[in-house]
Amino acid sequence: MKINIRPIQPSDNAILAKIIRSCFHDYEVKCTAGTVYQDPTTDDLFTLFQTPKSQLWVAELEDKIVGCCGVFPTENLPENYTELVKFYISESGRGKGIGRLLLEKTIESAQELEYSQIYLESIPEFSTAVSIYEKQGFQFLEKPLGNSGHDGCNLWMLKEINAFS
């Protein structure tokens, strides 16, 4: 099984948007406003991740794109905090450890970008991802941080990282 994790390229936009939206259907999540499903940036992730201090990683399995995960300097987060964003794995990529590898690579890049905390937002329907977050040391919060624009999320988590290791 050949797994490759690399930075996003412009040609990845359409397939990543399809993977993200298919996850909502796979897990029977409402595709409402206030989620990444309706977010217009989902169709042009390459441009979004040209933002300074952001990074989106793309996972390939046997040279086929199967997922992504990144960090983004979401508006109004506390200083040195970043948001873990766009963590989605296609059905064909699930159950192979790709999610864990993507998440670990993303945490590593947050450290390299000198963040001290990683914040994320999710929903109960994405319980598989939430369990991965818990295993990686994310702790639940009682309320959201920053201004992601994704008010459809009702789970918030935070992980302290050593940005200067």
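Miscellaneous remarks
- Candidates Glu108, Glu79, Glu114, Glu121, filtered to the one that is of a type outside the set (Phe, Trp, Tyr), farther than 25 Å from Ala17 by Cα and either free of Cβ contacts under 8 Å to residues at least 24 places away in the same chain or surrounded by 21 or more Cβ atoms within 10 Å (Cβ to Cβ) (or both): Glu79
- Flag for Lys105 being under 21 Å from Thr41 (Cα atoms) and under 12 Å from the mean Cα position of the chain (by Cα): no
- Qualifying position, being farther than 14 Å from Thr74 by Cβ, basic (Lys, Arg) and crowded, with 16+ Cβ neighbours inside 10 Å, among Lys159, Lys135: Lys159
- Residue check for Ala59: of a type in the set (A, V, I, L, M) and farther than 19 Å from Ser122 by Cα: yes
- Qualifying residue in the range 30-48 (condition: among the polar types (S, T, N, Q), out of contact with any His (no Cβ under 7 Å at 6 or more places or on another chain) and outside any helix (DSSP H, G or I)): yes
- One residue from Thr47, Thr74, Thr35 being at pLDDT 95 or above and on the phi < 0 side of the Ramachandran plot: Thr47
- Positions within the range 49-62 being small (Gly, Ala, Ser) and outside any loop (DSSP other than H, G, I, E, B), in sequence order: Ala59
- Flag if Gly67 is small (Gly, Ala, Ser), more than 20 Å from Leu145 (Cβ to Cβ), without any contact (Cβ under 8 Å) to a residue 60 or more places away in the chain and assigned to a loop (DSSP other than H, G, I, E, B): no
The values are calculated or read from the model by the stated rules, or taken from the named source; none is laboratory data. Bear in mind the structure is a predicted one, so any value in this text is a computation, not a measurement. Positions of Cβ are backbone-derived with ideal geometry, glycine not excepted, and every protein chain shown enters the neighbour counts.
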